[in-house]
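The values are calculated or read from the model by the stated rules, or taken from the named source; none is laboratory data. What you see is a predicted model; the values in this text were computed from it and never measured. In this analysis, Cβ positions are derived from the backbone assuming ideal geometry, glycine residues included, and neighbour counts consider all displayed protein chains.
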Amino acid sequence: MESSTRCTYSLPTEAGNASGPLFEMVARGHKTGNERGLNENLTGCLADLAALSSRAQQNENSTAILGQAIALAREALKADYCALYEAAPGVERFAMRQGGGWRYELPGEFELDEIAGAGTPSEPPFMVDGLAPSMSSLLLRFMAAHQVNSGAAVRIESKWGLCGLLAVYTTDGRHFGQIELDFLQIIANIIGGIFAAERCAAERIKAAALEAARLKSAFLANTTHEIRSPLNVIMGYTELVAENLSEAGDTSQMRYLEAVKRAGRRLLSTVEKIIDYARLESGNFASRPESIDAGAMLTALIEEHRGTAEDKGLTLRCRIDAADTIVAFDRHCLTSVIANPLLNAIKFTETGHVSARLYRNGAGKLRLEISDSGIGIDAAYLTRAFEPFSQEDFGTARRFEGAGLGLALTRRCAALNGASIEVQSRKGRGTTVAIQFDDASPGINLGAELRGIN
């Protein structure tokens, strides 16, 4: 490549401002110096520049305006190519968002560590402030493929700081004068205003979504509380009536009372899951990790639900193949993480078995696998299995009861305590839910806890 002088420019003006001293200086530029032809070209583009600024302030389609800005920069500076780089907020990463004149696909994102300081004036000025792509950068190869020989770039600023770069390139090694950089900076300021408006809009959307989630969680918590309180009264009086009839030797109404109790337990279980989900979603659940024997809890839950499995004719198996099954976990969360997959396995298995195995994998991590020979999950639905209130069968004709919260709660409770969960399933062949525990879960000194237990 021919030797070229690096052109850098930075001007702290308000984004989107296409008037004032800088604008007037560009307007006067066509009367000066040896670059009369180029400056007359800039003057001829002033009307387009003003129109671009007006459209940007009217919050029209940003993609279209950015495309017009790039086209104007190429035309005004008589450049072969133009590139609009956008910086990711808070991250040292750039991406060529849009471009003009390029023959190949844009190179996408690249890290700032791919950009090296310019060592000699012969290095092509692809970037700004004395920076150029390193020899290993994809951006450098992209430029070389287009025979880029010179260029200039200006900063795009907003109230968040540097948010991008606007650059023009040529294949003839031409030097860009200061008046051209001034013109390019005006376009960059307009683009900075567009970037700022986009970011503000994104923040408003995010804030609205968070508020909607908060209101939804508050509604669920309040509603389910209003349901649970009278439901507990109904359950209590049902037990009392059953006891009184039993003492009187009257068993004629027992099957009706048992049906009421079963329905009440089912409804209470659904209500409690909704309450747990609402607390987790709203951030009102405070995890209190402690040292818990996961093996002992698994055994207790297996025995608790063995009757339900045997009533369906299922074989319920449990293997603990690890000597140390102590984990640092919130007790309520651990109960949910074990019980929900276990109850799902029993519910969705009509014949065969449900098996639970607790062991340590090759990396020494404690792992729980709950497998069944049940109906399995369709591959198309498997990616949505962790979505709250999601069920593969829906509507009044669905075969299985439930609110679709079991796996969603399991994953949230697991993540809250540093554990992970994965599901493998084939339709008609059964399902395996695997939970991998992190022995060093945050918020607890496991060694100190164990010493206290000893």
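Applying a threshold of 8 Å to beta carbon distances and a minimum spacing of six or more residues, or different chains, the list of pairs starting in the stretch 378-395 at a residue that is more than 13 Å from Arg426 (Cα to Cα) and modelled with pLDDT under 80 and ending at one that is loosely packed, with under 11 Cβ neighbours inside 10 Å and of a type outside the set (A, V, I, L, M) reads Asp393/Arg399. Per this entry, Glu303 is not counted among residues that are of a type outside the set (Gly, Ala, Ser), exposed (fewer than 15 other Cβ atoms within 10 Å of the Cβ) and in contact (Cβ under 8 Å) with a residue 24 or more places away in the chain.
Assessment of the stretch 243-264 against the conditions (basic (Lys, Arg) and within 19 Å of Ile338 (Cα to Cα)) yields no matching residue.
Per the listing Ala73, Ala64, Ala69, Ala56, the residue uniquely among the hydrophobic types (A, V, I, L, M, F, W, C), touching a helix residue (DSSP H, G or I) at 6+ places or on another chain (Cβ under 9 Å), surrounded by fewer than 16 Cβ atoms within 10 Å (Cβ to Cβ) and in a helix (DSSP H, G or I) is Ala64.
For the stretch 305-313, the criterion of being part of a helix (DSSP H, G or I), in contact with a Cys (Cβ under 6 Å, 6 or more places away or on another chain) and of a type in the set (Ser, Thr, Tyr) is satisfied by no residue at all.
Of Arg288, Arg266, Arg262, which residue is out of contact with any helix residue (DSSP H, G or I) (no Cβ under 8 Å at 6 or more places or on another chain), within 30 Å of Thr223 (Cβ to Cβ) and in contact (Cβ under 8 Å) with a residue 40 or more places away in the chain? None of the other options fit; the residue is Arg266. Of everything in the stretch 155-199 that is basic (Lys, Arg) and outside any loop (DSSP other than H, G, I, E, B), the residue that is surrounded by the most Cβ atoms within 10 Å (Cβ to Cβ) is Arg155. Look at (1) surrounded by fewer than 20 Cβ atoms within 10 Å (Cβ to Cβ); (2) farther than 30 Å from Ser291 by Cα; (3) modelled with pLDDT of 90 or more and you find that Tyr359 fails only one, number (2). Consider the stretch 349-389 and keep the residues that are part of a strand (DSSP E or B) and among the basic types (Lys, Arg). The one that is nearest to the chain's Cα centre (by Cα) is Arg367.
Scanning the stretch 243-268 for residues that are surrounded by 16 or more Cβ atoms within 10 Å (Cβ to Cβ) and closer than 26 Å to Ala414 by Cβ yields a single hit, Leu268.
Given the conditions (1) outside any loop (DSSP other than H, G, I, E, B); (2) at pLDDT 75 or above, which single one is not true for Ala116? Tallying (1) outside any loop (DSSP other than H, G, I, E, B); (2) at pLDDT 75 or above, Ala116 fails exactly one: (2). From the list Ile370, Ile292, the lone residue that is modelled with pLDDT of 90 or more and closer than 20 Å to Val423 by Cβ is Ile370.
Checking the stretch 203-215 against the condition returns no match, with no residue being closer than 21 Å to Glu75 by Cβ and charged (D, E, K, R). Taking the stretch 314-338 as the range and being exposed (fewer than 15 other Cβ atoms within 10 Å of the Cβ) and outside any strand (DSSP E or B) as the test, the residues that pass are Asp321, Ala323, Asp324, Arg331, His332.
Might you let me know whether the stretch 200-218 holds any residue that is surrounded by 12 or more Cβ atoms within 10 Å (Cβ to Cβ) and in contact with a Gly (Cβ under 7 Å, 6 or more places away or on another chain)? No, that holds for no residue. Say whether the condition of being under 28 Å from Leu84 (Cβ atoms), touching a residue at least 40 places away in the same chain (Cβ under 8 Å) and of a type in the set (D, E, K, R) is met by at least one residue in the stretch 198-212. Yes, the stretch 198-212 contains a residue that is under 28 Å from Leu84 (Cβ atoms), touching a residue at least 40 places away in the same chain (Cβ under 8 Å) and of a type in the set (D, E, K, R).
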